[in-house]
Structure formats: structure tokens, C-alpha cells
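Reviewing the structure listed below.
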Amino acid sequence: MSSPASLLDTLRQIAGEAHVLCEGDLTAYTQDWRKRARGKALAVVRPASVDQVAAIVRACAAAGTSLVPQGGNTGLAVGSVPDESGLQVVLSLQRMNAVRAVDAANLTVTVEAGCILQNLQQAAEQAGFLFPLSLAAEGSCTIGGNLASNAGGTQVLRYSNARDLCLGLEVVTAQGDIWHGLSGLRKDNTGYDLRDLFVGSEGTLGIITAATLKLYPQPAARLTAWAAVPSMDAAVALLGQAHRHLGAGLTGFEVMGQFALSLVDKHFAQLRVPLFREAPWCVLLENSDHESEAHARDQFERLLETALEQGCVSDAVVAENIAQARQLWHIRESIPLAQAEEGLNIKHDISIAVSRIAEFVAATDALLRQHIPGVRLVNFGHLGDGNLHYNVQAPENGDAKAFLHDSEDAVNTLVYDSVARFGGSISAEHGVGSLKTDKLPVYKSPVALAMMRAIKQGLDPQNIMNPGRIVKL
Ligand code: FAD
Ligand code: ZN
């Protein structure tokens, strides 16, 4: 085994002196987005090619040094930063950001892992297509990170999550071999699906260096509406009506609780949140139409008329133009920021079958209120996918730090136990990282966990790929 100094020399030979960072302020690479963890790296290495990635992994494997793959470092599960040992190498894919090719006839794009999501969306648009993955971190998260954490976002309802948008991968294994799996095939039943193993593996099995992804035709029009709804049951009923009226045109269905919107109103008053004072919930709907804007508007108006008549909507507005639509989405996307402005909080990213979500919210709200008088619930999310960001804010005027210290474990247990009772998942779209590693043995079946450990041991017997994340060996 080589010394850290000789490993650093080898890494410099591979990636170039300028791309092995050891000194100066490395916080952008060593601290996670929510500032929940701050580690220390032996070095941050920024390779420029898949061959360099493979050589770096081989050098680290020979030195017995573990690697933490990193894209935009926007993950919310504390999986992309090194531990505090100062012995891990952060492998940043930032420099591998090219859009390699668009195959118009096959409706695919091949892109390097470090490509920023927004850049890929723009490249697809310039080629006349839609790349539908969309989330608030799209200006800085990368395709590699999106795939490694199987990101969801706001268009899953129609286009599904990162996993389903991926047709092929190029991966550097834990042994430093390159798997050239950049297939644009929609059908390939030649054994175990290796692509699906790496998607959602959060850097624990290998390093994604490139991907072939699905493209879609651009819709002719995208229309956004905002509706006040009297209850979560009514929001679910509206979702059913939206499916029936809009069919595949329904591309977004976001729910936002009154308190979540009141925080946006309080901290970003200039955004002018509509209708939130008059109802416990608001819903943001998006209709993407392949005919025309007039057709989309007509469909929306009929849907909202029916919903008003049946009482699942108390009031609604349809955006008049793109600027207004952007404004409505901006309000929705500002909820996490408004929540951060309000102070420390406990986040949960959960999924429940849509049919049980209203019952889950009523039961879990009641339990939390009983345990923590004055607790404030910031509840919002992708209702169309049964995915809620069911967050808990400290009571008003309380000491938020002390609240987190004293109550986080109990609140997590209460919420996750409730999720389990309703047959849901404790991580819908953010992954496991280090944040929920200790929760998996509690909430996941031992049989599933044993298979996951066998996969990890089989592909990374040295345990050098992002160790301690997802499953501990
Ligand atoms: P990173 O944070 O760098 O890494 C995430 C994980 O993937 C880590 O475990 C890392 O080791 C691994 N990884 C990264 N790159 C690679 C690679 N090339 N090969 C192997 N492993 C790799 N997520 C959603 O699903 N839906 C949302 O709506 C959503 N909204 C968000 C909004 C905000 C404001 C923020 C900050 C985050 C949000 N997220 C959301 C979290 C989301 O998971 C990330 O933003 C994104 O998918 C991660 O991409 P990244 O490039 O930043 O990855
Ligand atoms: Zn989300």
C-alpha cells in the first residue's frame, strides 16, 4: 500500500497538478448543501476523461483509499462529501460536462456525468426536444448526481424519475475497469439490469461517467394553474379529475400547505403568493399540450369548472402568460428557501400511495401536535407522485437549535413509523446517503438489505466506493 503522499503524486500525474486540490478553501466540496456535515478530504481530484477516472480509481484501490464521487454537491442526503478523517479522495466530475451526441431519430442524448442539468435541458431544447427532468437545483446539480440519486422533481408524474429516463451508462467500476454500457436501446433483455444497479446507488458501487438519456418532443404549449383546495382529500380528488381531463397532458401536480406558503409570503413578500389565505392547501397544476395553447386553456378551464362545481376547488387562477407561469413555479420552488430563512427544521422526503395520503397527513399531523405542542408543519410536495416533503419546524419563538437537538430523533421515529404503518417509503427521491443509513435496517426488510449488502460486497469488495453510505458492511 502506498503512502498518502505517493498517492497524491500519482493523482497529479493522472489529472494534472492543477486538478488535484489539497489546500485552500475546499468547503464547496467538503460541506453538504444543507450544512449538516463538514468533512475533510485528502484531495479533491477533477479528472477530464473516463480514462483518467479509471486510472484514479485504480490508484486509490491500490492505496486502499476510499473515494467519494461528487457532482454538483446539491444532494440532500449527506452522501457527496467526505468524512472527517482527511483520508478520502473526493472525485469531482465537474470537468466532464460535454453533451456528446443527440440522436434525433432514436430520441436520445448522450452526455457526460458532470453536465449541469439545466445545460442539458437547454441543449435538448436547441435540438428541438425536451429533456424533462426538472428540479429546483437544476442550475447546479449534474446528470451523474441525478442518476446516482435517482432524482425525481416536478415532472415525474408524466415523464417518471431519472431512472426511467436513462437508457444506458458508462461506468468506472470499483476495480477501475470501464463498463461501456451507453446503449440507446429501449429493449435489451440480456440478463441482470446493470444500468438499474448503478442508478440510485449514490456512488457506492462505481462512478457514472456518462449516460444515454431519453428525449421527448417539445409540447406546443405549457399552461400553469393555481387552485385553492379545502382539504387534502379534495386535492386528491382534484388529481383524479386532472388525470381524466388532461390525460398525458398533466405534467405537474404540486401541493402546498398553508403554513408553507405563509413562510414564502413572510420571507419573499415580493412573490405575491395567490389564494393561500383562503384555504388550507393550494395546488399547482401544469398542462402540457401538443395541440395549441388555446386547446390547453380550454381543457384547463373545463377541469377547473367541474372541480369548482364538485367542491374540490374553492378558487383558481390560470396563468395568462409564461412570465406568470414562471412566477407560480417560483413560489413553489421558494418553499425550501423560505423554510431555511425561518430557521432550522427537520426534513422528511416520504412517499405514500396517493389513495392513503390524506389519511396519513391527518394521522401524522395529529400525532406530532400531541407530542410537540405548537409544532409547525411545513408540508408540500409532488402529490401527483404521492411524494411529500413533510417537514417539521420548531415552535414559534422557541430555540430551534435546542428543538432539533432534543426532538429530531423522536420526530423522525414518529414520522417514519407512521410512514411504515401506511406502507410508504422513508426516502422518496433524495436517497439514503449518510442521513438515513441507520434507518434502513429499521424500515427495510432484512431480506432486501441482505441482497443489497451482497451486491455491494460483490461489486466493491474493498469497500472503497463511498463507504458507509446506503448500507454499512
Ligand atoms: P451530488 O450532491 O454531488 O451527489 C449526490 C449523490 O450522488 C452522492 O451520493 C454522490 O456520491 C453521488 N454521485 C454524484 N455524482 C456521481 C457520479 N457521477 N457517479 C456516481 N455517484 C455520483 N431531488 C429530487 O429528487 N427532487 C427535487 O425536487 C429536488 N429538489 C432539490 C432542490 C434543491 C434546492 C436542492 C439543493 C436539492 C434538491 N434535490 C432534489 C436533491 C437532488 O438529489 C440533487 O439536487 C441532485 O439530484 C443531485 O445532483 P448533484 O450533481 O448535486 O449530486
Ligand atoms: Zn422534491
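Each row is one residue, and each column tells you yes or no for (1) open to solvent by less than 10 Å² (accessible area, probe 1.4 Å); (2) among the aliphatic types (A, V, I, L, M); (3) not in a helix (DSSP H, G or I).
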residue: R158; (1), (2), (3): no, no, no
residue: H180; (1), (2), (3): no, no, yes
residue: G184; (1), (2), (3): no, no, yes
residue: D188; (1), (2), (3): no, no, yes
residue: D196; (1), (2), (3): no, no, no
residue: I207; (1), (2), (3): yes, yes, yes
residue: L213; (1), (2), (3): yes, yes, yes
residue: R222; (1), (2), (3): no, no, yes
residue: W226; (1), (2), (3): yes, no, yes
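Being within 28 Å of I455 (Cβ to Cβ) and within 16 Å of ligand 2 (Cβ to nearest atom) narrows it down to one of G139, G152, G176, so name that one.
It is G152.
Evaluate region 107-124: report whether one residue or more is of a type in the set (D, E, K, R), more than 11 Å from ligand 1 (Cβ to nearest atom) and modelled with pLDDT of 95 or more.
There is no residue in region 107-124 that is of a type in the set (D, E, K, R), more than 11 Å from ligand 1 (Cβ to nearest atom) and modelled with pLDDT of 95 or more.
Filter region 238-275 for residues that are open to solvent by 10 Å² or more (accessible area, probe 1.4 Å) and among the aromatic types (F, W, Y); which is nearest to A325 (Cα to Cα)?
Among residues in region 238-275 that are open to solvent by 10 Å² or more (accessible area, probe 1.4 Å) and among the aromatic types (F, W, Y), the one nearest to A325 (Cα to Cα) is F268.
For region 254-289, which positions are charged (D, E, K, R) and over 20 Å from E341 (Cα atoms)?
Correct list: E254, R277, E278, E286, D289.
Determine whether region 349-364 contains at least one residue that is more than 16 Å from ligand 2 (Cβ to nearest atom) and touching a Leu at 6+ places or on another chain (Cβ under 7 Å).
Here is the first cut: in region 349-364, the ones more than 16 Å from ligand 2 (Cβ to nearest atom) are 353, 355-356, 358-364.
When the remaining residues are screened for being touching a Leu at 6+ places or on another chain (Cβ under 7 Å), the result is none.
The answer is no; no qualifying residue exists.
Among the numbered criteria (1) at pLDDT 95 or above; (2) open to solvent by less than 60 Å² (accessible area, probe 1.4 Å); (3) away from ligand 1 (no atom under 12 Å from the Cβ), which single criterion is violated by S140?
Only one criterion in (1) at pLDDT 95 or above; (2) open to solvent by less than 60 Å² (accessible area, probe 1.4 Å); (3) away from ligand 1 (no atom under 12 Å from the Cβ) is unmet by S140, namely (3).
Only one of (1) away from ligand 2 (no atom under 16 Å from the Cβ); (2) open to solvent by less than 40 Å² (accessible area, probe 1.4 Å); (3) part of a loop (DSSP other than H, G, I, E, B); (4) more than 22 Å from A323 (Cα to Cα) fails for G200. Which number is that?
In the conditions (1) away from ligand 2 (no atom under 16 Å from the Cβ); (2) open to solvent by less than 40 Å² (accessible area, probe 1.4 Å); (3) part of a loop (DSSP other than H, G, I, E, B); (4) more than 22 Å from A323 (Cα to Cα), G200 misses (1) alone.
From the residues in region 125-137 that are without any contact (Cβ under 8 Å) to a residue 24 or more places away in the chain and under 19 Å from the mean Cα position of the chain (by Cα), which one is nearest to ligand 1 (Cβ to nearest atom)?
L135
Please name all residue pairs, on different chains or six or more residues apart, with Cβ atoms under 7 Å, provided the first residue is in region 367-387 and is within 11 Å of ligand 2 (Cβ to nearest atom) and the second residue is part of a loop (DSSP other than H, G, I, E, B).
Within 7 Å, the pairs are H382/G152; H382/T154; D385/G152; N387/G152; N387/A428; N387/E429.
Considering P336, P373, which residue is within 16 Å of ligand 1 (Cβ to nearest atom) and more than 21 Å from L239 (Cα to Cα)?
Step by step, each of P336, P373 is checked, and only P336 is within 16 Å of ligand 1 (Cβ to nearest atom) and more than 21 Å from L239 (Cα to Cα).
Can you name the residue in region 414-439 that is within 22 Å of the chain's Cα centre (by Cα) and without any contact (Cβ under 8 Å) to a residue 40 or more places away in the chain and is also nearest to ligand 1 (Cβ to nearest atom) among such residues? If you could, list the steps in order and put the result at the bottom.
Going residue by residue through region 414-439, those that are within 22 Å of the chain's Cα centre (by Cα) are 415-416, 419-420, 423-439.
So of that shortlist, the ones also without any contact (Cβ under 8 Å) to a residue 40 or more places away in the chain come out as 420, 437-439.
Working: A420: 21, T437: 11, D438: 16, K439: 16 Å.
So the residue we want is T437.
Count, please, the residues in region 64-113 that happen to be in contact (Cβ under 8 Å) with a residue 60 or more places away in the chain, outside any loop (DSSP other than H, G, I, E, B) and open to solvent by 10 Å² or more (accessible area, probe 1.4 Å).
6
The values are calculated or read from the model by the stated rules, or taken from the named source; none is laboratory data. A quick note: this is a predicted structure, and the numbers were derived from the prediction, not measured. Heads up, the Cβs are rebuilt from the backbone with ideal geometry, glycines too, and the neighbour counts pull from every protein chain shown. In case anyone asks, the SASA skips ligands and DNA or RNA and just uses the protein heavy atoms, side chains included. Shrake-Rupley method; radii C 1.70, N 1.55, O 1.52, S 1.80 Å.
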